[in-house]
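The values are calculated or read from the model by the stated rules, or taken from the named source; none is laboratory data. These figures come from a predicted structure and were not determined experimentally. Positions of Cβ are backbone-derived with ideal geometry, glycine not excepted, and every protein chain shown enters the neighbour counts. Remember, those area values only see protein heavy atoms, side chains included, never the ligands or the DNA or RNA. Shrake-Rupley method; radii C 1.70, N 1.55, O 1.52, S 1.80 Å.
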Amino acid sequence: MRSLLFVPGDSQKKLEKAFGAGADVVIVDLEDSIAPQNKALARGTAARFITEHRHQTKSAIYVRVNDLSTGLTDDDLAALVPAGPVGIMLPKSNSGQDVQNLSAKLRVHEAENGLPDGAIKILPIITETAAGVLAAATYANVSARLVGVTWGAEDLSAAIGARAARDENGRYTDVFRFARTMTILAAGAAEVAAIDTIFPHFRDMPAFEAECTEAERDGFTGKMAIHPAQVPVINTAFTPSAEAVKHSASLVAAFEAAGNPGVVGIDGKMYDRPHLRLAERLLARAKAAGIST
Ligand code: COA
Ligand code: MG
C-alpha cells in the first residue's frame, strides 16, 4: 500500500482513469468530493463501476464512506458492499471505538452478501476532529480489519478554526505536525501501515516529491494522491531502493550467519536488534512492492 489515489465516486470518466493509474489502492470517494445532493447518484455510479471493473485493475479498491455522524454511512455500505470493495476508508474517525462500530456494521453487510466475517478491511482517517487527534492511542488492538491509519489537515483546520495549516514557507504549523506525528505513532502502536495525507497542489511536482521523501524518511509507508500524476512519484518514493534492499538483506544474513545474536559488527559498524527489525521491515515493504529480496 504505497499509493492510494482518490477518485470522486460520481465521475465515470475519472473512475476509468483512476483504475488505470497504477495506484496500489484506488479510494472511490462518496464523502467530501461529492456534493450533498449527489450522494445517492454517486453511490449508484460507484457501485456499478466497481462491480464491472474491479477485476480489470491491479489496484485494490477501497470506498470512502460518509462519517458515522452523518446518518449516511449505512446507505453507503448497503450500496457499495455488494460491489466487493477490499476495504472501507472511514473519515472523521474519533477513536478506535468508531472503527469497532464500523466493523459491527460491516459484519452485517458481509453476512447479507455471503462474504466471510472480517473480509473487508478498514482504513480510518484519524486526525480530522480534535477528539480524533487526542485519541490516536486507541487504535491498537481494536479490530483485525484495521490495515492502517492516515491523517488529514483540511477537516482539522475547520474543526479547530485554524486559518491555515501551513506557514509562509509551506511547512505545517505545530498542530498539524502534531497530528501527523500522532498518526505515525498510532500506526506503530497498532502495528499497521502509516499513510501520509494528500498534497493538494497537484501541479507542483518538486514540492510533492520533497513531501514524499520526507514522509518516507519519517516512517510513513505510503501516501494518498488526488491526481493520477502523483501516483508514480509516490510509488518511486515509497519503494525501497536497490541499495537499501541489498544492505538490509546483508544485515539479516549477517545476523543469521552469526547465530542470531544481539549484536553484530559489519565493516566496522555496530548493528543491534533495532537495526535488524528495521531491515526486516524494509525487506517486507520491498517484497510487497514486488521486488525480489
Ligand atoms: N482520478 C482520476 N482521474 C483524474 C483525477 C483523479 N483523482 N484527477 C484528475 N483526473 C483526470 C481528469 O479528469 C483529466 O482527464 P481528461 O484528460 O480525460 O480530461 C486528467 O486526469 C487530467 O486532469 P487535470 O486537467 O490535470 O485536472 P482537473 O482540473 O481535471 O482535476 C481535480 C483536478 C482536483 C478536480 C481532480 O484531480 C480530482 O477530482 N481529484 C480528486 C479529488 C478527490 O477525490 N478529493 C477527495 C479526497 S481529498
Ligand atoms: Mg475531508
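With respect to Val175, is the statement that it is among the β-branched types (Val, Ile, Thr) and open to solvent by 60 Å² or more (accessible area, probe 1.4 Å) true?
Values: among the β-branched types (Val, Ile, Thr): yes; open to solvent by 60 Å² or more (accessible area, probe 1.4 Å): yes.
The answer is yes for Val175.
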Does segment 27-41 include one or more residues that are open to solvent by less than 20 Å² (accessible area, probe 1.4 Å), more than 16 Å from ligand 2 (Cβ to nearest atom) and modelled with pLDDT of 95 or more? no
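Can you spot a residue in segment 253-265 that is in a loop (DSSP other than H, G, I, E, B) and surrounded by 20 or more Cβ atoms within 10 Å (Cβ to Cβ)?
no
Which is at pLDDT 95 or above, touching a Ser or Thr at 6+ places or on another chain (Cβ under 9 Å), of a type in the set (D, E, K, R) and open to solvent by 40 Å² or more (accessible area, probe 1.4 Å), of Arg48, Arg2?
Working: Arg48 fails: touching a Ser or Thr at 6+ places or on another chain (Cβ under 9 Å).
After applying the criteria, what remains is Arg2.
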Only listed residue being assigned by the TED database to the domain that holds Phe208 and not hydroxyl-bearing (Ser, Thr, Tyr), chosen from Val264, Val252, Val233: Val233
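Quick one: in segment 124-154, of everything that is more than 16 Å from ligand 2 (Cβ to nearest atom) and not in a loop (DSSP other than H, G, I, E, B), which residue is farthest from the chain's Cα centre (by Cα)?
If we filter segment 124-154 for residues that are more than 16 Å from ligand 2 (Cβ to nearest atom), which is where we start, we get 134-148.
Subsequent filtering for residues that are not in a loop (DSSP other than H, G, I, E, B) retains 134, 136-139, 146, 148.
Working: Leu134: 19, Ala136: 15, Ala137: 17, Thr138: 18, Tyr139: 14, Leu146: 11, Gly148: 6 Å.
Looking at the filtered set, the residue picked out is Leu134.
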Filter segment 150-165 down to residues that are surrounded by 11 or more Cβ atoms within 10 Å (Cβ to Cβ) and away from ligand 1 (no atom under 16 Å from the Cβ) and give me whichever is farthest from Ala130 (Cα to Cα). Ala164
